[in-house]
Amino acid sequence: MAAALENELDNDDYYSLLNVRREATQEELKASYRRLCMLYHPDKHRDPELKRQAEQLFNLVHQAYEVLSDPQSRAIYDIFGKKGLEVEGWEVVERKRTPAEIREEYERLQRERDERRLQQRTNPKGTISVGVDATDLFDRYEEDFEDMPGGGFPHIEINRMHISQSIEAPLTAKDTAVLAGSLSTHNGNGGGNINLSLRRVTSARGWGEIEFGAGDTRGPMFGMKVFRNVTQRCFVTAQCGLQFSSRGVRPSASTMWARHLDQNTMGYLQWRWGSQSAMTTSIVRDTKTSHFTLALQLGVPHSYLMMSYQYKFQDEDQTKIKGSLKTGFFGTVVEYGAERKISQHSVLAATVSIGVPQGVSLKLRLNRASQTYLFPIHLTDQLLPSAVFYATVGPLVIYLAVQKLVITPYLHAQKEQELEKQRENSASDIARKKQEAESAVLLMQESVKRIIEAEESKMGLIILNAWYGKFVTDNSRKNERAKVIDVTVPLQCLVKDSKLILTEASKAGLPGFYDPCVGEEKSLKLLYQFRGAIHQVLSGDMESLRIPKQSHRIEAET
């Protein structure tokens, strides 16, 4: 919302100012420019104050015409807005470029600026996992705890924790160093390790990486990894490693071959050799509305068949529901769950896992930017219907309650505070635009009188009243205050040959207009007379408008 508000304040819409379509021809631009020049030309005014105001508006109209009448400047403005014209380096760009070439040049300039900051950039990623043993909630003998102090309360404990963190440090445009470390503990026993990786991009088709590691449980480690695009539809990765320990050296190797089967489908074939040798083949299909995976692994000690499906709802919260089935030598596991975006940078997910002989577990996950928080909760070692019910219904009820009572009010208050802060910081810009609009209205008075006289003589189009801004018509919002401005004079000034045509652009950019409620939804309401009959219309801010129309006519009884 803050970015949108900033754009509303900082970017003058040149198309709206000239009241032309974004596809306007040079002839349309020139006709609109000439009309506005006649209206705002400083030589038409003798009063010093009006003359000064006319000069400001005349210069603004001239600036808009200069940008839109030049093909290169117009292409830059169409793609990147007013700020794109201010990017350092455009002066060395060869003229007569196409919009695609201009976009490439803009991105090149941006990359050069970003490369100067590589030494100062990092990309921290972290994971915190807290395992909870809650089997005492569903599987316990009541008589064993009757005589124990506090025996009436189930015993829930944290039996495992894992913390990992990594930081990337770009050394050059092609070289990157990654430092990663982790700590783990399980039932009182723990350990940790640290890894340093150096990656080099060798070409546009591949990269290579070497890794060094050390830990208190597995000893020193050395590994290598390479990636290569074989064709446009196929790539391969390969890696090998040596693990040093008191028992000797343990070598390992793996390779994966991947191919695009079609636009949305990938096929993978992986071979792994070492302490857990296996061969895996999988097919992954990812579309806008779904994600499907089918995998088969043959190996020691585990072989399995896995199938999963995820459906993606096309809503603002990016809600997803998923289910999977995995069966093999270890048993069978069924999982189902959902995830949803709860804020701009946060995603919450819950998954219920039901397996034989694993039992029932609930896995909660919170992603906050590049940080991940995991809470696997083991509920029971057996397949108990009560555990399945509470694992499914409990998180849903808690989420809906927290969403309604905490998250929604908090996000609403946060947006309001951010909007109010932006308004305060931009008060001077809003006041300036208001003053420009009022000056434009003063300069339009003589022209409007002549237009009204001409329209009255032929019973043409006369704007009786016009308002622009936020209208409150919903009874549930009756406590809100309407924020509108009178734009009767500016609209009458745009009438030509008994017609008024407004293009698909924000009306706030029209001469004599300004935004009375920045960041809020706006409309344009007109009451006009044509051929002696009264007409009325309400139009959205970004909608095009052509009047007069028969459908706008108000019956005499009304």
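The values are calculated or read from the model by the stated rules, or taken from the named source; none is laboratory data. Just so we're clear, the structure is a prediction, and the values are computed from it rather than from any experiment. For neighbour counting, all protein chains shown are included, and Cβ atoms are generated from backbone atoms with ideal geometry for every residue, glycine included. Areas reflect the complete protein model, heavy atoms only, side chains present, ligands, DNA and RNA absent. Shrake-Rupley method; radii C 1.70, N 1.55, O 1.52, S 1.80 Å.
Only one of (1) assigned to a helix (DSSP H, G or I); (2) modelled with pLDDT under 80; (3) surrounded by 13 or more Cβ atoms within 10 Å (Cβ to Cβ) is not met by Tyr15, so which one is it?
(2)
Give the residue that is farthest from the chain's Cα centre (by Cα), with candidates limited to residues of the range 302-327 that are open to solvent by less than 70 Å² (accessible area, probe 1.4 Å) and at pLDDT below 90.
Among residues in the range 302-327 that are open to solvent by less than 70 Å² (accessible area, probe 1.4 Å) and at pLDDT below 90, the one farthest from the chain's Cα centre (by Cα) is Asp315.
Which ranges mark the strands (runs of 3 or more DSSP E) fully within the range 298-365 that have 3 or more residues being more than 26 Å from Asp133 (Cβ to Cβ)?
So the answer is 304-312, 331-343.
How many residues does the range 211-247 contain that are within 20 Å of Gly192 (Cα to Cα) and of a type outside the set (Val, Ile, Thr)?
Number satisfying all stated conditions: 19.
So which residues in the range 241-284 are farther than 24 Å from Glu211 by Cα and not in a strand (DSSP E or B)?
Matches in the range 241-284: Leu261, Asp262, Gln263, Asn264.
Considering (1) open to solvent by less than 60 Å² (accessible area, probe 1.4 Å); (2) touching a His at 6+ places or on another chain (Cβ under 8 Å); (3) in contact (Cβ under 8 Å) with a residue 24 or more places away in the chain, say which one Arg233 fails and leave the rest.
In the conditions (1) open to solvent by less than 60 Å² (accessible area, probe 1.4 Å); (2) touching a His at 6+ places or on another chain (Cβ under 8 Å); (3) in contact (Cβ under 8 Å) with a residue 24 or more places away in the chain, Arg233 misses (1) alone.
How many residues does the range 406-436 contain that are in contact (Cβ under 8 Å) with a residue 40 or more places away in the chain and under 22 Å from the mean Cα position of the chain (by Cα)?
Residues meeting the conditions: 6.
Yes/no matrix, rows are residues, columns are (1) of a type in the set (A, V, I, L, M, F, W, C); (2) surrounded by fewer than 13 Cβ atoms within 10 Å (Cβ to Cβ); (3) farther than 27 Å from Glu23 by Cα; (4) modelled with pLDDT of 90 or more:
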{"site": "Glu456", "(1), (2), (3), (4)": "no, yes, yes, yes"}
{"site": "Asn465", "(1), (2), (3), (4)": "no, no, yes, yes"}
{"site": "Lys470", "(1), (2), (3), (4)": "no, no, yes, no"}
{"site": "Lys478", "(1), (2), (3), (4)": "no, yes, yes, no"}
{"site": "Val487", "(1), (2), (3), (4)": "yes, no, no, yes"}
{"site": "Leu510", "(1), (2), (3), (4)": "yes, no, no, no"}
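Quick check: anything in the range 103-121 under 30 Å from Ser203 (Cβ atoms), at pLDDT below 90, in a strand (DSSP E or B) and open to solvent by 70 Å² or more (accessible area, probe 1.4 Å)? Before the answer, list the steps.
Initially, the range 103-121 is screened for residues under 30 Å from Ser203 (Cβ atoms), giving 103-121.
Now narrow it down to the ones that are at pLDDT below 90: 103-121.
Still in the list and also in a strand (DSSP E or B): none.
Checked against the condition, which is being under 30 Å from Ser203 (Cβ atoms), at pLDDT below 90, in a strand (DSSP E or B) and open to solvent by 70 Å² or more (accessible area, probe 1.4 Å), the range 103-121 yields no hits at all.
Could you check the range 435-472 and list, in sequence order, the residues that are touching a Cys at 6+ places or on another chain (Cβ under 7 Å) and over 13 Å from Phe513 (Cα atoms)?
Hits for the range 435-472 are Ser447, Val448, Ile451, Lys470.
Tell me which residues, restricted to the range 518-535, are under 15 Å from Glu555 (Cβ atoms) and part of a strand (DSSP E or B).
Selection gives Leu527, Gln529, Phe530, Ala533, Ile534, His535.
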